[in-house]
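**Q** Structure below; questions to follow.
The values are calculated or read from the model by the stated rules, or taken from the named source; none is laboratory data. Here the structure is a predicted model, which is why all the values come from computation and not from measurement. Cβ atoms come from the backbone with ideal geometry, glycine included; neighbour counts cover every protein chain shown.
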Amino acid sequence: MQPLTLRAKNLPQPQSGQKNYECVVRVRGRQQRVPAIRFNSSSVQCQNASYSYEGDEHGDTELDFSVVWDGGFPIDQPATFRALLYKCWAQRPSCGLCLKADPRFNCGWCISEHRCQLRAHCPAPKTNWMHPSQKGARCSHPRIAQIHPLRGPKEGGTRVTIVGENLGLSSREVGVRVAGVRCNPIPAEYVSAERIVCEMEESLVPSPLPGPAELCVGDCSADFRTQSEQLYSFVTPTFDGVSPHRGPASGGTRLTLSGSSLDAGSRVTVTVRDGECHFVRRDAEAIVCISPVSTLGPSQAPVTLAIDRANLSSPGVFYTYTQDPTVTRLEPTWSIINGSTAITVSGTHLLTVQEPRVRAKYRGIETTNTCQVINDTAMLCKAPGIFLGRPQLQAQGEHPDEFGFLLDHVQTARSLNRSSFTYYPDPSFEPLGPSGVLDVKPGSHVVLKGKNLIPAAAGSSRLNYTVLIGGQPCALTVSDTQLLCDSPSQTGRQPVMVLVGGLEFWLGTLHITAERALTLPAMVGLAAGGGLLLLAITAVLVAYKRKTRDADRTLKRLQLQMDNLESRVALECKEAFAELQTDINELTNHMDGVQIPFLDYRTYAVRVLFPGIEAHPVLKELDTPPNVEKALRLFGQLLHSRAFVLTFIHTLEAQSSFSMRDRGTVASLTMVALQSRLDYATGLLKQLLADLIEKNLESKNHPKLLLRRTESVAEKMLTNWFTFLLYKFLKECAGEPLFLLYCAIKQQMEKGPIDAITGEARYSLSEDKLIRQQIEYKTLILNCVNPDNENSPEIPVKALNCDTITQVKEKILDAVYKNVPYSQRPRAVDMDLEWRQGRIARVVLQDEDITTKIEGDWKRLNTLMHYQVSDRSVVALVPKQTSSYNIPASASISRTSISRYDSSFRYTGSPDSLRSRAPMITPDLESGVKVWHLVKNHDHGDQKEGDRGSKMVSEIYLTRLLATKGTLQKFVDDLFETLFSTVHRGSALPLAIKYMFDFLDEQADRHSIHDTDVRHTWKSNCLPLRFWVNVIKNPQFVFDIHKGSITDACLSVVAQTFMDSCSTSEHRLGKDSPSNKLLYAKDIPSYKSWVERYYADIAKLPAISDQDMNAYLAEQSRLHAVDFNMLSALSEIYSYVSKYSEELIGALEQDEQARRQRLAYKVEQLINAMSIES
């Protein structure tokens, strides 16, 4: 190798005693030193040397090159200072690869030796050595090793890749034909000498045959021409189906097109309508791609396929875009840090998702876990874990930054409300003793101690623990700090492992040792001692028995009675427990497919604003003379004067004769009259509330009493304001859980006996409406003839053999007209119940007829048991008719009595008529007969001695309250969760709630009220207690339904629980507390936390500007502008103007703003105009 000369700067001259310069070369870890000569301060030369590296795996390799002087002092050099060592023949076995080597190497092809060499190493280089710089240099004997693809459409466009050697040095000098069809090289994808990519032209032959790829370099002489061994074929791809055939409109579904020859060609494009399906993979029979988003939403879309220039379609193949899946509910809404706990997810259209996953993001780290779809509305997921990034999580839990679901490409489900899911600390356990070994006896319980075993989460869901002792699970009892495991059956040393939420805890080893048998002397001693003791006891008993023989007989008799009572109590408790376990699933299944009969806006508003008045004047056209109509329109203009309305309301409230009923009426009429100007009405309401707050604080009343009761027009107007603005929220969100709760209560009550007279029931949430004795009954299935078409299949109806005939008619009407609003159904009083026995025999069943049983002065209503109606009997409802069989003929029961009883009996379902537990006694004036159904009035003076003794202790039956509460718990939780959530069931928080809560906070700030309990109470009195409690107790305000007395009593218990949940005061409970308070005592703290979170979440929401709120109010006014008759409302309000005209005019004359607007004069004009007409 020639000497290497290096340029440098400031090279020092070695002094006496110093070593000269050296070049240090490192080749693949091997170091070599070469002497160097310094010419001057800017030049140094490494002397002749030979450098090499082993093997031909690399054509070139880098040298780590440096210069040192005096043995070990390196000369500074650039970091990129490198030398390159190469071998021409290494990795260049062919001519083409040799000629494309780096020009700096100056390698060429030695023809005679068939080897890549430097010119100096090739014999006769002038004729025998070829270099790319020579004119016309090209390699002979090209060779094709492989072509791909081997199939394509005859329409062309397929990009064929040819791999081989000596395939030319430039794409311009290469010509290609494939199976006889020209293929045009693509320069951008050409790799010199190694690879050619060309695009096929269309084959003009109808049925072209397979053929090889032919290639020429330059001319097509024998040395420069070759063809492939592989053959290229023309095929016709087809597809005939797509799977799955439907998926979400947001796309992301993995589609599989099935057909033939689908792996042909080089490029494939699947199009669904106008969107490209993202390609994944393909083979001869299938193409897999990811569906795009639908630009037209849910709809049917055609599927087309393009393979190179072949465009394919299949007329019968369509893909259906469906509604995007949604997630509406999680149960439970919590997990532990490690995740992997079960979550039941409710939603819609879930079957359209192929691989759903649940995701959580916390501190920038995203984790996911799997889900399994059960049906279209439910799936089961394993919660994802999170990485804390800090030592320990607080016991109250932590919300992830994001929590949601990966449902293909549906974006709305990726992130739910941040506060909708909570992570609690992982449970932990202590080892079994210091050494990890615990000695126990067979039959003894094993206590495993730990922390965070029951997360501080709301609801009834708990972690699912499995304890394995020697691989065998044991029955568990779980508390917050320990697991109590039933006694293990094994013996010896057994490992203990706890499994929970994907976590495994090895706690140590149980050493289970059997007790040793007693020794023979010990057994003899015990036997002797026991025998002596037995003899002593026997002697004492014999002596005592003679004196206590009579007392013993009495004791046995009492013991027998106590045993009998205990067994009956045990049976009742067992029945209550069984009911709780079996009724929940059955009740939930009955809720499916129920349609919600919402009232229209007018009816709903009138029922809330004017309770008890169905045909209110504001719903009717007012027949008035033109002059009166003109005067009323002038009065309407007065109502749009802020000064007039405020003075009018304050003046009325100052009058002692202005009753509470009048205040509510004026508030409702005013809101109706201002329906078309809700923005103006809202401003009035805010001013009235501000005045009320000012008055409350000036009178030194406790601030928490504000808005507690409806004692002012402003408070009733606030209720009406929410009534108007929350109707949409009721229909879209809150109405469904409220209606399901009503249906659940009604169905659960009707599963057991209900006394038609007292309204008491076997199943109840209210102690006052609980039947406190054992009622024997049996469930019957009645086959009811379809009243609309007697030839259609009979309708099965569940009834009880202890039901009265009217109760049976009501149940039949509920079953036959299940999805018909109550107001559009026939009434039970207008129908007769026929029991059809064969084709001809028909008996009309009635509550009272000539067969009614009378004992003394008690008459019992007829039931199915009375008529001996059997299971699967055929019955029919027919219009009311008269039958000689049914008319009482006895002198002791008159027609007047029956008609009077019939009238009173029809109203036994109304809430107002059955508030008391006492029976509704309706004695016949002629005979003094009293009516009863299941229970008599036991306080009556002629009650026989001993009847009371046939009952158990009445409090025993209170266990039924718990069974009923457990059955209805899910529906109560769903309702409360909906009402106490800012984002639920896909519906955003109504603007009115945020706007009014912000107003109350502003008023608190203005008056320097910083007590959080006061602010909490104001908001609770404003919305939950003022609006929601009214709706919960009276669902008939929202739905077209009938509310019976037992349903009313149960809803009152739920409403009271709702009120207690919104309270900030602590309720001290004891054994004398009301049962409805005790019933939900454990649930109320959880509900209170929901309320606090709800208020906090609302406070965090961005404030609503007055401009946005006014736009929203204007839209609401427009939607309901013609729902009420404004003239009728104005006429009703005017009656109060007329009644208090003197006081009103005097107040207007004293108000400065009213004087400027001459309002007193305008009122006098109005009164004169109305007086002249009257």
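**Q** Looking at Gly29, Gly71, Gly55 in this structure, which one is loosely packed, with under 13 Cβ neighbours inside 10 Å and over 30 Å from Gly108 (Cα atoms)?
**A** When all the criteria are applied, what remains is Gly71.
**Q** If you check Leu257, Leu231, which single one turns out to be outside the structural domain of Asp308 (by the TED database), touching a strand residue (DSSP E or B) at 6+ places or on another chain (Cβ under 9 Å) and not polar (S, T, N, Q)?
**A** Values: Leu257 fails: outside the structural domain of Asp308 (by the TED database).
Only one candidate qualifies: Leu231.
**Q** All but one of (1) touching a residue at least 60 places away in the same chain (Cβ under 8 Å); (2) within 20 Å of Leu688 (Cβ to Cβ); (3) assigned to a helix (DSSP H, G or I) hold for Ala1004; which doesn't?
**A** The single condition Ala1004 does not satisfy is (1).
**Q** Determine whether Arg38 is part of a strand (DSSP E or B) and touching a Leu at 6+ places or on another chain (Cβ under 6 Å).
**A** So Arg38 passes the test.
**Q** Mind listing whichever residues of region 416-436 are modelled with pLDDT of 90 or more and surrounded by fewer than 19 Cβ atoms within 10 Å (Cβ to Cβ)?
**A** Hits for region 416-436 are Ser428, Glu430, Pro431.
**Q** Do we have any residue at all in region 636-657 that's at pLDDT below 90, more than 24 Å from Thr719 (Cα to Cα) and not polar (S, T, N, Q)?
**A** no
**Q** Ok, one more. Go through region 187-216 and count every residue that is surrounded by fewer than 17 Cβ atoms within 10 Å (Cβ to Cβ), of a type outside the set (Asp, Glu) and outside any loop (DSSP other than H, G, I, E, B).
**A** Within region 187-216, residues that are surrounded by fewer than 17 Cβ atoms within 10 Å (Cβ to Cβ), of a type outside the set (Asp, Glu) and outside any loop (DSSP other than H, G, I, E, B) number 4.
**Q** Turning to a different aspect of this structure: Quick check: is even one residue across region 651-660 touching a residue at least 12 places away in the same chain (Cβ under 8 Å), more than 41 Å from the chain's Cα centre (by Cα) and over 16 Å from Ser1135 (Cα atoms)?
**A** Yes, region 651-660 has at least one match.
**Q** Ok, one more. Can you tell me which residue among Ile1133, Ile1145, Ile1167 is closer than 30 Å to Tyr601 by Cβ, assigned by the TED database to the domain that holds Arg633 and not aromatic (Phe, Trp, Tyr)?
**A** After ruling out the rest, the residue left standing is Ile1133.
**Q** In this structure, is Asp1083 over 17 Å from Asn720 (Cα atoms) and in contact with a Ser or Thr (Cβ under 9 Å, 6 or more places away or on another chain)? Reasoning before the result, please.
**A** Working: over 17 Å from Asn720 (Cα atoms): yes; in contact with a Ser or Thr (Cβ under 9 Å, 6 or more places away or on another chain): yes.
Yes: the conditions hold for Asp1083.
**Q** Say whether the condition of being touching a helix residue (DSSP H, G or I) at 6+ places or on another chain (Cβ under 8 Å), among the β-branched types (Val, Ile, Thr) and either at pLDDT 85 or above or closer than 21 Å to Arg825 by Cβ (or both) is met by at least one residue in region 609-617.
**A** no
**Q** Taking the stated definitions as given, is Thr779 among the β-branched types (Val, Ile, Thr) and modelled with pLDDT of 90 or more?
**A** yes
**Q** Do you know which residues across region 1041-1059 are of a type in the set (A, V, I, L, M, F, W, C) and not in a helix (DSSP H, G or I)?
**A** Narrowing region 1041-1059 to residues of a type in the set (A, V, I, L, M, F, W, C): 1041, 1046, 1049-1051, 1053-1055, 1058-1059.
Passing the criteria: only Ile1041.
**Q** Right, another one. Can you tell me which condition Lys154 does not meet? The list is (1) farther than 16 Å from Cys220 by Cβ; (2) exposed (fewer than 14 other Cβ atoms within 10 Å of the Cβ), and all the others hold.
**A** Among (1) farther than 16 Å from Cys220 by Cβ; (2) exposed (fewer than 14 other Cβ atoms within 10 Å of the Cβ), the lone unmet condition for Lys154 is (2).
**Q** Output yes when any residue across region 791-801 is crowded, with 21+ Cβ neighbours inside 10 Å and modelled with pLDDT of 90 or more, and no when none is.
**A** Within region 791-801, one or more residues are crowded, with 21+ Cβ neighbours inside 10 Å and modelled with pLDDT of 90 or more.
**Q** Name the residue that is farthest from Thr1064 (Cα to Cα), counting only residues in region 673-703 that are at pLDDT 85 or above and of a type in the set (Lys, Arg). It would help to see each step written out before you state the result.
**A** Quick first cut of region 673-703, residues at pLDDT 85 or above only: 673-695.
Imposing the further condition that a residue be of a type in the set (Lys, Arg) reduces the set to 677, 686, 695.
Details: Arg677: 36, Lys686: 25, Lys695: 24 Å.
So the residue we want is Arg677.
**Q** Which condition breaks for Leu689 when tested against (1) closer than 24 Å to Ser1128 by Cβ; (2) not β-branched (Val, Ile, Thr); (3) not assigned by the TED database to the domain that holds Ser641?
**A** (1)
**Q** Which residues, taken from region 462-511, are outside any strand (DSSP E or B), hydroxyl-bearing (Ser, Thr, Tyr) and touching a residue at least 40 places away in the same chain (Cβ under 8 Å)?
**A** Across region 462-511, the qualifying residues are Ser487, Ser489, Thr491.
**Q** Another one. Conditions first: (1) touching a Gly at 6+ places or on another chain (Cβ under 7 Å); (2) over 15 Å from Gly404 (Cα atoms); (3) surrounded by fewer than 18 Cβ atoms within 10 Å (Cβ to Cβ). Ile307 passes all but one, so which condition is the exception?
**A** Condition not satisfied by Ile307: (3).
**Q** Can you spot a residue in region 716-734 that is among the hydroxyl-bearing types (Ser, Thr, Tyr), closer than 23 Å to Leu599 by Cα and modelled with pLDDT under 90? Reasoning before the result, please.
**A** At the first step, the residues of region 716-734 found to be among the hydroxyl-bearing types (Ser, Thr, Tyr) are 719, 723, 727.
Checking the rest, the ones that are also closer than 23 Å to Leu599 by Cα come to 719, 723, 727.
Then keep just the ones that are modelled with pLDDT under 90; that gives none.
The answer is no; no qualifying residue exists.
**Q** Considering only region 1029-1077, state which residues are more than 27 Å from Cys733 (Cα to Cα), out of contact with any helix residue (DSSP H, G or I) (no Cβ under 7 Å at 6 or more places or on another chain) and not basic (Lys, Arg).
**A** Answer for region 1029-1077, where residues must be more than 27 Å from Cys733 (Cα to Cα), out of contact with any helix residue (DSSP H, G or I) (no Cβ under 7 Å at 6 or more places or on another chain) and not basic (Lys, Arg): Ser1065, Glu1066, Gly1070, Asp1072, Ser1073, Pro1074.
**Q** May I ask you to list pairs of residues, at least six apart or on different chains, whose Cβ atoms are under 6 Å apart, with the first in region 788-802 being among the aliphatic types (A, V, I, L, M) and the second being part of a strand (DSSP E or B) and surrounded by 13 or more Cβ atoms within 10 Å (Cβ to Cβ)?
**A** Filtered contacts from region 788-802: Ile795/Cys784; Val797/Leu782; Val797/Cys784; Ala799/Leu780; Ala799/Leu782.
**Q** Okay, moving on. As an exercise: evaluate Cys110 against (1) touching a Phe, Trp or Tyr at 6+ places or on another chain (Cβ under 9 Å); (2) modelled with pLDDT of 95 or more and give the number of the one condition it does not meet.
**A** Looking at each condition in turn, Cys110 falls short on (2).
**Q** Is it true that Gly443 is outside the structural domain of Ile336 (by the TED database), at pLDDT below 90 and loosely packed, with under 14 Cβ neighbours inside 10 Å?
**A** Answer is yes for this residue.
**Q** Assess whether Pro123 counts as being in contact with a helix residue (DSSP H, G or I) (Cβ under 7 Å, 6 or more places away or on another chain), without any contact (Cβ under 8 Å) to a residue 60 or more places away in the chain and exposed (fewer than 14 other Cβ atoms within 10 Å of the Cβ).
**A** Judged against the criteria, Pro123 is not a match.
**Q** Select from region 1015-1040 the residues that are crowded, with 19+ Cβ neighbours inside 10 Å and either in contact with a strand residue (DSSP E or B) (Cβ under 8 Å, 6 or more places away or on another chain) or assigned to a loop (DSSP other than H, G, I, E, B) (or both) and list them in ascending order.
**A** Leu1023, Val1038, Phe1039
Okay, residues lined up against (1) touching a helix residue (DSSP H, G or I) at 6+ places or on another chain (Cβ under 7 Å); (2) among the basic types (Lys, Arg):
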site	(1), (2)
Tyr680	no, no
Leu689	yes, no
Ser699	no, no
Leu706	yes, no
Lys716	yes, yes
Thr719	yes, no
Leu726	yes, no
Phe729	no, no
Cys733	yes, no
